[in-house]
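**Student:** The following block contains the structure, expressed as structure tokens.
The values are calculated or read from the model by the stated rules, or taken from the named source; none is laboratory data. These numbers come from a predicted model, not from an experiment. Using ideal geometry, Cβ is built from the backbone for each residue, glycine included, and neighbour counts are taken over all protein chains shown. Just so you know, the surface numbers come from the protein's heavy atoms only, side chains and all, with ligands and any DNA or RNA stripped out. Shrake-Rupley method; radii C 1.70, N 1.55, O 1.52, S 1.80 Å.
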Amino acid sequence: MRRPVIAGNWKMYKTQAETHAFLDVFCPLVAKSKHCDIVVAPPFTSLDVAAQAVRGTSIAIAAQNVHGQREGAFTGEICARMLVEIGCTGVIIGHSERRQYFNETEEGVHRKTKAALEEGLTPIVCVGEILSEREGNLTETVLQRQFEGGLGALTPAEFSRILLAYEPVWAIGTGKTATPEQAAQAHRYLRELAAVRFSFEEASALRILYGGSVKPDNIKGLMAQAEIDGALVGGASLDPRSFASIVNY
Ligand code: PGA
């Protein structure tokens with residue numbers, strides 16, 4: 001049985017004061033929610049405030065990006081050790097917005113995943129096709145390329161520590177969710193890739209989150225699919241009541 005994970009990706013939203021205000025409302029609403037792992041991913045500048053505010057709760061804090069090197073002359077970048085020090089336990093890697101607007105590649109995803117794992121962070125690695133790829137029947141080709149390029153060179157022990165997020169790009173921020181069946185089909189394919197590259201056991205234990213317009217009113221249908229082990233939520237994670245009701249699906 002895979003333990004569900006509900007993660008909120010705040011993107012470039014929320015100052016420190018807004019982070020405080022969110023968590024003041026959100027933490028009590030999920031205080032009794034023991035059925036899943038809860039993750040909140042604020043922007044870098046709010047990580048410290050968030051990590052302090054969730055102390056003593058079961059909520060984990062993740063960053064939205066990390067550099068692939070241990071340290072160095074990389075102006076404007078943040079490394080995994082810095083994230084660990086301020087209380088992060090996870091990091092989102094290879095989000096489609098990073099791939100699309102910041103030229104992130106499979107090779108970069110691989111390096112970042114390794115760097116995060118080396119410092120004990122849980123990488124939440126995102127994969128997913130754009131609309132033209134889905135319409136051109138290229139979904140599986142794209143997922144295979146992203147899976148193998150980003151994760152294929154991990155050791156089985158490393159692979160067992162990651163979370164995978166399937167986020168069809170056409171469903172992100174568009175209000176267009178993949179149907180539970182479409183999502184489950186992609187998840188099944190990703191699990192097959194994991195079984196081929198690693199092992200049946202690794203593949204069965206892998207938790208795959210769905211992301212793309214997850215809302216309080218569609219989470220139940222998504223989570224009813226045995227293949228879907230959780231959600232990576234953008235817009236609907238910005239409001240504490242909306243995100244709590246997704247957590248408490
Ligand atoms: P959305 O974003 O829920 O706003 O579609 C999901 C994501 O980008 O992780």
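**Student:** State all residues of the stretch 233-248 that are under 16 Å from the mean Cα position of the chain (by Cα) and open to solvent by less than 30 Å² (accessible area, probe 1.4 Å); if no residue qualifies, say none. Outline the logic, then answer.
**Tutor:** In the first step, residues of the stretch 233-248 are kept if they are under 16 Å from the mean Cα position of the chain (by Cα); the result is 233-238, 243, 246-247.
Within the stretch 233-248, Val233, Gly234, Ala236, Ser237, Phe243, Ile246, Val247 meet the criteria.
**Student:** Let me ask something else. Are there any helices (runs of 4 or more DSSP H) wholly within the stretch 71-180 with 2 or more residues that are small (Gly, Ala, Ser), and if so which?
**Tutor:** Values: elements: 80-85, 96-101, 106-118, 131-135, 139-151, 156-159.
Per the criteria, 106-118, 139-151.
**Student:** Further question: Does Gly56 qualify as being within 16 Å of the ligand (Cβ to nearest atom) and either farther than 30 Å from Lys32 by Cα or over 12 Å from the mean Cα position of the chain (by Cα) (or both)? Outline the logic, then answer.
**Tutor:** Values: within 16 Å of the ligand (Cβ to nearest atom): no; either farther than 30 Å from Lys32 by Cα or over 12 Å from the mean Cα position of the chain (by Cα) (or both): yes.
It is false that Gly56 is within 16 Å of the ligand (Cβ to nearest atom) and either farther than 30 Å from Lys32 by Cα or over 12 Å from the mean Cα position of the chain (by Cα) (or both).
**Student:** How many of the residues making up the stretch 100-136 are free of Cβ contacts under 8 Å to residues at least 12 places away in the same chain and either surrounded by fewer than 18 Cβ atoms within 10 Å (Cβ to Cβ) or within 16 Å of the ligand (Cβ to nearest atom) (or both)? Walk me through how you get there before you give the answer.
**Tutor:** Taking the stretch 100-136 as the starting set, the residues that turn out to be free of Cβ contacts under 8 Å to residues at least 12 places away in the same chain are 101-104, 132-133, 135-136.
If we keep only those that are either surrounded by fewer than 18 Cβ atoms within 10 Å (Cβ to Cβ) or within 16 Å of the ligand (Cβ to nearest atom) (or both) too, we end up with 101-104, 132, 135-136.
The total comes to 7.
**Student:** Out of all the residues in the stretch 41-66, which are farther than 15 Å from Thr122 by Cα and among the aliphatic types (A, V, I, L, M)?
**Tutor:** Leu47, Val49, Ala50, Ala51, Ala53, Val54 - these are the residues of the stretch 41-66 that are farther than 15 Å from Thr122 by Cα and among the aliphatic types (A, V, I, L, M).
**Student:** Considering every residue within the stretch 175-191, establish whether at least one is within 16 Å of the ligand (Cβ to nearest atom), at negative phi and of a type in the set (Lys, Arg).
**Tutor:** yes
**Student:** Quick one: would you say Ile38 is among the aliphatic types (A, V, I, L, M), within 12 Å of Val54 (Cα to Cα) and open to solvent by less than 60 Å² (accessible area, probe 1.4 Å)? Can you show your working first?
**Tutor:** On the way: among the aliphatic types (A, V, I, L, M): yes; within 12 Å of Val54 (Cα to Cα): yes; open to solvent by less than 60 Å² (accessible area, probe 1.4 Å): yes.
Here the answer is yes, as Ile38 does meet what is asked.
**Student:** Another one. Need pairs with beta-carbon distance below 7 Å; first residue closer than 18 Å to Lys220 by Cβ and within the stretch 233-244, second crowded, with 19+ Cβ neighbours inside 10 Å and among the polar types (S, T, N, Q); sequence gap 6+ or separate chains.
**Tutor:** From residues that are closer than 18 Å to Lys220 by Cβ, the pairs are Val233/Asn9; Ser237/Asn9; Phe243/Ser237.
**Student:** Ser96 passes all but one of (1) away from the ligand (no atom under 16 Å from the Cβ); (2) within 19 Å of the chain's Cα centre (by Cα); (3) of a type in the set (Ser, Thr, Tyr); which number fails?
**Tutor:** (1)
**Student:** Continuing with this model, one more query. Identify, please: which residue in the stretch 154-174 is modelled with pLDDT under 95 and open to solvent by 60 Å² or more (accessible area, probe 1.4 Å) and is, among those, nearest to Ile92 (Cα to Cα)?
**Tutor:** So, considering only residues that are modelled with pLDDT under 95 and open to solvent by 60 Å² or more (accessible area, probe 1.4 Å), the one nearest to Ile92 (Cα to Cα) is Gly173.
Residue-wise test of (1) among the hydrophobic types (A, V, I, L, M, F, W, C); (2) more than 14 Å from Gly128 (Cα to Cα).
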| site | (1), (2) |
| --- | --- |
| Leu154 | yes, yes |
| Glu158 | no, yes |
| His187 | no, no |
| Gly235 | no, yes |
| Tyr249 | no, yes |
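**Student:** Please determine, by comparing only the residues of the stretch 200-232 that are part of a loop (DSSP other than H, G, I, E, B) and charged (D, E, K, R), which one is surrounded by the fewest Cβ atoms within 10 Å (Cβ to Cβ). Write out each step before concluding.
**Tutor:** Step one: list which residues in the stretch 200-232 are part of a loop (DSSP other than H, G, I, E, B), which gives 206, 212-218, 224-229.
Next, from what is left, pick out any that are charged (D, E, K, R): 215, 217, 227, 229.
Numbers: Lys215: 16, Asp217: 11, Glu227: 20, Asp229: 23.
In this case the residue turns out to be Asp217.
**Student:** Can you find a residue in the stretch 46-67 that is closer than 18 Å to Ala17 by Cβ, part of a loop (DSSP other than H, G, I, E, B) and out of contact with any His (no Cβ under 7 Å at 6 or more places or on another chain)? Before you say what the answer is, go through the steps one by one.
**Tutor:** First, the residues of the stretch 46-67 that are closer than 18 Å to Ala17 by Cβ: 46-54, 61.
Within this subset, residues satisfying the condition of being part of a loop (DSSP other than H, G, I, E, B) are 54.
Narrowing further to those that are out of contact with any His (no Cβ under 7 Å at 6 or more places or on another chain): 54.
Looking for residues that are closer than 18 Å to Ala17 by Cβ, part of a loop (DSSP other than H, G, I, E, B) and out of contact with any His (no Cβ under 7 Å at 6 or more places or on another chain), one finds at least one in the stretch 46-67, hence yes.
**Student:** Would you check if Gly90 is of a type in the set (Gly, Ala, Ser) and within 14 Å of the chain's Cα centre (by Cα)? I'd like the intermediate steps shown before the answer.
**Tutor:** Working: of a type in the set (Gly, Ala, Ser): yes; within 14 Å of the chain's Cα centre (by Cα): yes.
Answer is yes for this residue.
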